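Presented below is the structure to which this report refers.
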Amino acid sequence: MNLDKEKGREKNTEKEKEKEKEKDMDVGFGLDKEKDNTINNKNGYGSNEFKENKTEEIQRITVSKLGQDALTAIVERVNDGFIGGKINRTQAANWILMRFNENLSDTEIKEIRIEHFDEVAVLEAILRQAKESGQVPTEFKALLQKQLENIGQPKKKPKRP
């Protein structure tokens, strides 16, 4: 009976190991702790400083399929012919994000904002500000009054042929 329990425990530990491995694998970046330890290059990824940073809490993000494909292509290009080590998608993404953050310009910020502009979010923010201050911006007062005028007019019936 103890053998059955031990076998059962062994199966559970194997399943637990698989679950832990799945937790370690990030869907967007393929986070693999074993691969993280193989890096050692001139940019400091093999230094003690980076190893200390690795003990910090790891955050995960989700990327689109196109983003994942682009990241995979970048990793393949970096690793192609690189005999001094090997990087994975997590390391490449971290490097890209840190470098991009250092060089992010106002023009690029504007481009990002334009691509992700949401009219409804703007209207909600203006409404929130109006509720807090008790005042509606004059441009919106004019727009609201125009809508009020349209409501007061009778609707025209369509002509039937």
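Across segment 39-85, the qualifying residues are those that are among the β-branched types (Val, Ile, Thr) and either at pLDDT below 65 or in contact with a His (Cβ under 9 Å, 6 or more places away or on another chain) (or both), and the one among them that is nearest to Trp95 (Cα to Cα) is Ile39. Selection within segment 81-102: residues that are part of a loop (DSSP other than H, G, I, E, B) and of a type outside the set (Val, Ile, Thr). The member of this set that is farthest from Gly67 (Cα to Cα) is Gly84.
Residues checked against (1) surrounded by 11 or more Cβ atoms within 10 Å (Cβ to Cβ); (2) touching a Phe, Trp or Tyr at 6+ places or on another chain (Cβ under 8 Å); (3) on the phi < 0 side of the Ramachandran plot:
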{"position": "Gln91", "(1), (2), (3)": "yes, yes, yes"}
{"position": "Ile96", "(1), (2), (3)": "yes, no, yes"}
{"position": "Asn101", "(1), (2), (3)": "no, no, yes"}
{"position": "Thr107", "(1), (2), (3)": "no, no, yes"}
{"position": "Ile114", "(1), (2), (3)": "no, no, yes"}
{"position": "Ile126", "(1), (2), (3)": "yes, yes, yes"}
{"position": "Glu139", "(1), (2), (3)": "no, no, yes"}
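Within segment 62-80, the residues that satisfy the criterion of being among the aliphatic types (A, V, I, L, M), assigned to a helix (DSSP H, G or I) and in contact with a helix residue (DSSP H, G or I) (Cβ under 8 Å, 6 or more places away or on another chain) are Leu71, Ile74, Val75, Val78.
The values are calculated or read from the model by the stated rules, or taken from the named source; none is laboratory data. Small disclaimer: the values here were computed from a predicted structure and weren't measured. Cβ: placed from backbone, ideal geometry, glycine included. Neighbour counts: every protein chain shown.
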